[in-house]
1. May I ask you to order D:62-70, B:98-106 by the average number of other C-beta atoms within 10 Å around their residues, highest value first?
2. Antiparallel as a % of all DSSP beta bridges within chain B, to the nearest 5?
3. Provide the descending list of Cα extents for chain C along its principal axes, expressed in whole angstroms.
4. Taking C:Lys28 in one copy and the same position in all the others, each labelled 7 Å out along Cα→Cβ, what are the pairwise distances from the first, in nm, shortest first?
5. Give me the one-decimal nm value for the distance between modelled label points at D:Arg113 and B:Ala164, 7 Å along each residue's Cα-to-Cβ direction.
6. Which is farthest toward the positive dipole end of the range C:39-96 among C:Asn44, C:Ala57, C:Ala76, measuring Cα position about the Cα centre, with Cβ charges +1 (Lys, Arg) and -1 (Asp, Glu)?
7. Taking 8 Å as the Cα distance limit and 6 or more residues as the minimum spacing, I'd like the relative contact order of the range A:41-150 as a percentage.
8. How big is the range A:218-283 by Rg and Dmax over its Cα atoms, in Å?
Protein chains: 4
Amino acid sequence: MAQIPASQQFASDNYAGICPEVWEGMRKANEGSVPAYGDDPWTNGAAEAFRTLFGTACEVFFVFNGTAANSLALAALCQSYNSVVCSAYAHVETDECGAPEFFSNGSKLLVARNDQAKLRPDDIRALATCRSDIHYPKPKAVTITQPTETGEVYTLDEIREIAATCRALGLRLHMDGARFANACAALGCSPAEMTWQAGVDVLCFGGTKNGMGVGEAILFFDPALAEGFDYRCKQAGQLASKMRFISAPWIGLLETGAWLRNGAHGNGCAKALARRVAALPGVSLMFPVEANAVFLTAPVSVLDGLRARGWRFYTFIGGGARFMFAWDADPARVEQLAGDIEALAQ
Amino acid sequence: MAQIPASQQFASDNYAGICPEVWEGMRKANEGSVPAYGDDPWTNGAAEAFRTLFGTACEVFFVFNGTAANSLALAALCQSYNSVVCSAYAHVETDECGAPEFFSNGSKLLVARNDQAKLRPDDIRALATCRSDIHYPKPKAVTITQPTETGEVYTLDEIREIAATCRALGLRLHMDGARFANACAALGCSPAEMTWQAGVDVLCFGGTKNGMGVGEAILFFDPALAEGFDYRCKQAGQLASKMRFISAPWIGLLETGAWLRNGAHGNGCAKALARRVAALPGVSLMFPVEANAVFLTAPVSVLDGLRARGWRFYTFIGGGARFMFAWDADPARVEQLAGDIEALAQ
Amino acid sequence: MAQIPASQQFASDNYAGICPEVWEGMRKANEGSVPAYGDDPWTNGAAEAFRTLFGTACEVFFVFNGTAANSLALAALCQSYNSVVCSAYAHVETDECGAPEFFSNGSKLLVARNDQAKLRPDDIRALATCRSDIHYPKPKAVTITQPTETGEVYTLDEIREIAATCRALGLRLHMDGARFANACAALGCSPAEMTWQAGVDVLCFGGTKNGMGVGEAILFFDPALAEGFDYRCKQAGQLASKMRFISAPWIGLLETGAWLRNGAHGNGCAKALARRVAALPGVSLMFPVEANAVFLTAPVSVLDGLRARGWRFYTFIGGGARFMFAWDADPARVEQLAGDIEALAQ
Amino acid sequence: MAQIPASQQFASDNYAGICPEVWEGMRKANEGSVPAYGDDPWTNGAAEAFRTLFGTACEVFFVFNGTAANSLALAALCQSYNSVVCSAYAHVETDECGAPEFFSNGSKLLVARNDQAKLRPDDIRALATCRSDIHYPKPKAVTITQPTETGEVYTLDEIREIAATCRALGLRLHMDGARFANACAALGCSPAEMTWQAGVDVLCFGGTKNGMGVGEAILFFDPALAEGFDYRCKQAGQLASKMRFISAPWIGLLETGAWLRNGAHGNGCAKALARRVAALPGVSLMFPVEANAVFLTAPVSVLDGLRARGWRFYTFIGGGARFMFAWDADPARVEQLAGDIEALAQ
């Protein structure tokens, strides 16, 4: 069956396959029988691996995908009449087909009005305090995406400041870490520093974009928030019967260090591309390249030319293009892509 | 890491691992890059494999687990104010933590009052016609589990009669086929005969219990019912980004015939056990053994003795035991289990 | 426009109009302007009247009808994955078209299996402790209807025992008091004795059946349970903009004592009818007559004869009839009805 | 009990009481007994009065308030994964605490980005066609508020153009007519012209702001859209048991012509005020005064001065004020208010 050559696709980190360490984790788990629904050594081991990595006794849950991970986490923080502050670029707002509203039965997203992917303390304060009447859904949580949907990375100070704002306003802080590993690699900090030590209450740690086939992890740093979450997952169709197959891969990913290597690899490719094309005539970076994405504007002729040469990437109205680098991106091909852009931009 | 020896566990077909044909299907799919969210050759191929197997142009969707498959299918048939007729043993009623109500936002299950797993046309008629006032959620669908939760198999005539009753009452017929392959193997009929040719509107075809790691398929035989179902799956957290990993395994399962072999194998083990223990003193079968489960009552001493010898099975209050045979059940061990029961029952 | 003569209808206490004290309450409230959404003196006054009547600083909310009152109260006690124990006769189970499931986004009702309207501590214990696995929605609340749908009244001891059972099991106790006033009149106890002093956590106090046109009150005796309930009501379409018109009537009802008189009056009519017909040949009471309802079985000829003489009542399959007496039932006509039954039963 | 003198409050048309014609309608309905839940002559009569007024055989439903009316109507048009296009000023977006999302179980509001209350065909086209992928909730309906939340009135041509856009895009058109009567009075057109003849599919006709105490009507001009809506209302807690008390008032309102007189009266007061203050120094109208609201900006000293003299109105950050005129606004007092503004603005 025909696939896109991995080497030419930089459209999405969801186009990539399963990395070897995850595959090996699955292979090992596929021996013998174990109890269903997570009451098995692999699932316990994976949860333990997270607690070790984060250096804290967090509550860990495994679900199938990011839509569910983020939506369930927010539903756990909110009642239906609560609201969640987010950026206008937040994936939960723009690309989840109303999933957060569905899982929470109506919690509204309060979207920051400015045009940037990073949420600022001022945005949060504005949305959370502009009204206090009963006709406005009571703000209860804030969600930030790390790295953002535009490939930017919140600094530790930015996260801490956001968390402090949340605490001052009685809000809980959720981190959508669909590409959490990329952010860790970018900042060179520990997972703990970027989350609970900075004031994050709940993290959705992305597995799929990090090299898994299926699966995300939800970490509650405040165990009180996790009360009943196992039932919530079950009712919402997110409790795997053969749980080991979405938990064991994490062991492969975390214990081998592949999670961080994969993140660093994607970031490196993005930096490499950015370095070579940023100064080309007619080409400009739309956002700082801090993780594994490069957004650039370029003449239509350049983008058309790239497509004609077989490159795959996302395009936006008006000449924007997104290149996203997964764990399997081939650096030689990234250089070749850069070369093609150079050639076309002349 | 320690597992239960597969050879001694007959507690659940969810305890089994991934069968070789599925594994091979995943392995093949893990080459190169493909577009995300199901727009890939593997997913198209798997849907096509279902259409070939069922001999009809049905609409096929792939989701993560049975909770979601059944709940989403019923939600597609109902509005929140509708109701669904089911047996008192129906998994959707007894073991889904309110998932059908959650996904449908309130559709009520109308539970047959008699004490058997098979729903009868009379049950349906009684529940669907006893009231027509606005205070009673308007019946819209019927769900049957094939084979039932007690291991019984509806005959084709029984299904046809149920479907005729549904049509006469303006109800849609849903089949929970968590162990669909076992039913096919038991009846020796084609998938088509047991579903759309018999009047079934929607089928949830179980992959997990059939040898997959993660994944179920939903087949709409009336395409009109599938309208918007792709959005429904997305919003409900059931759209896999790397879809190929829950679709490609089906190719392995279906095209090799493993789906049916696996079902027949489990059934054969159940029959073998039933044959040897049915007539033992103090032992009796609770339900006809028609698929891959054996439910029996036996003296406590027998059940305790089995557990002491390392056998794993489900037990119920009052001396009931369930033995469930998966694709990986070892016939020699089944004979050994039968021998132990014989020895203990003397 | 043609109505049923009030004097001949005993089908439902919802068929009755607005009692004079309520009308007067509305009339007074219809002077001048007041702020909307409950921030007005009438609403404050009505809440205060409840607190005075119940002798405790409860939180009071006013909503439009009983469906919403009970469903919202239960939703406040539960998350979607929780369950509520109730009797098989509970109105929330039999006559709300799935409203409790809708408002709670999926909380399941666990229905006692025995065939009686009064829930017993044993029923609660059985349903709340039979399972503790994640596939069974976690029990969180119990609801009792006082008086029951069959016109029976829980004694104070029965309520206390139920409440003690709830506390022992970590469950909250909700009372559906659609005809709360009738129960108070029947027991001759104070509202406090029947509710918070007996261990009830939340009460829905019925206004409509008590003589109002529109409106029910929800009383939280544990203020912690009321957190966010104002938002919950707003979001669920139960916050009246001209709130005074569903709050002020309560002042008329409570402060004049009409609430209790109305209840006692209905009860008296039921007792009067029951006394005269209980011993007639072929006639028998289906349930003890303790509030304002009389359920009886009688030969079809009797019931047909009554209808032919213009009497209105509810009938059930197999010869059952329900006579329900509202605040406006005319005792002379009740005697006449009794006379007709006597005549027909000879 | 102390109220605000009606004569000094222009904060909201929800602060007003019940108009005489409505009161008389309720008084008449409070005679004798009638069946519950709308199966009564008053409810039939009110529905008939609507059909007469609109000159078409529409389906009519009566619910308690505007939150529910709009949310239920939109829920009837959408599945949970659909979306609704609205203006940034739409009440359903800004002031319903997430009710539309709650009733629909997650339908998302797509908010026009421009800063005006009137939705334009271009806004609709932009939001409904910018994306067609599965991650964006499929647009299914458009809602316009007539008159808008800013007191502007869509012309018939504007409505027709919007409706044509909807039809071209396969969208249904909902009209939030919380102040529908004011719009009719403003345009001098018939209800039919402004709704079904212009292409509106569903109208929520506001009763509360028009002089009722409680109650709104929902009119489906395409009966197919009303299928199951009675069940939907019941389940959502919007079916009144003593229905006549929210239906009969409409007879008083419609058949006496009070509905239109009330609307015209409020509009007249607004015009009168606007005429006198529009040209004052430092004062300016924020929006064209076309219905019963006057929004103006004025120096803080002016607004403070008004409040000091006892006037009640809504204020916004930065010196905006809203004056809203109900059926009971006293023209002499409106002149007096104008005089005070004149005096303060000098």
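The values are calculated or read from the model by the stated rules, or taken from the named source; none is laboratory data. Owing to the predicted nature of the structure, the values given are computational and were not obtained by experimental measurement. All Cβ positions, glycine included, derive from the backbone under ideal geometry; neighbour counts span all protein chains shown. All accessible areas refer to the heavy atoms of the entire protein, side chains included, with ligands and DNA or RNA removed. Shrake-Rupley method; radii C 1.70, N 1.55, O 1.52, S 1.80 Å.
1. Top of the packing list down: B:98-106, D:62-70.
2. On the way: 20 of 38 bridges.
So the antiparallel bridges amount to about 55 percent of the total.
3. Taking the Cα atoms of chain C, the three principal extents are 59, 57, 34 Å.
4. Computed spacing set for this position: 2.9, 7.7, 8.2 nm.
5. Placing both labels 7 Å beyond Cα along the Cβ direction yields 6.0 nm.
6. The residue sitting farthest along the positive end of the dipole is C:Ala57.
7. Taking the mean separation of contacting Cα pairs over the length of the range A:41-150, I get 29 percent.
8. 19.6, 56
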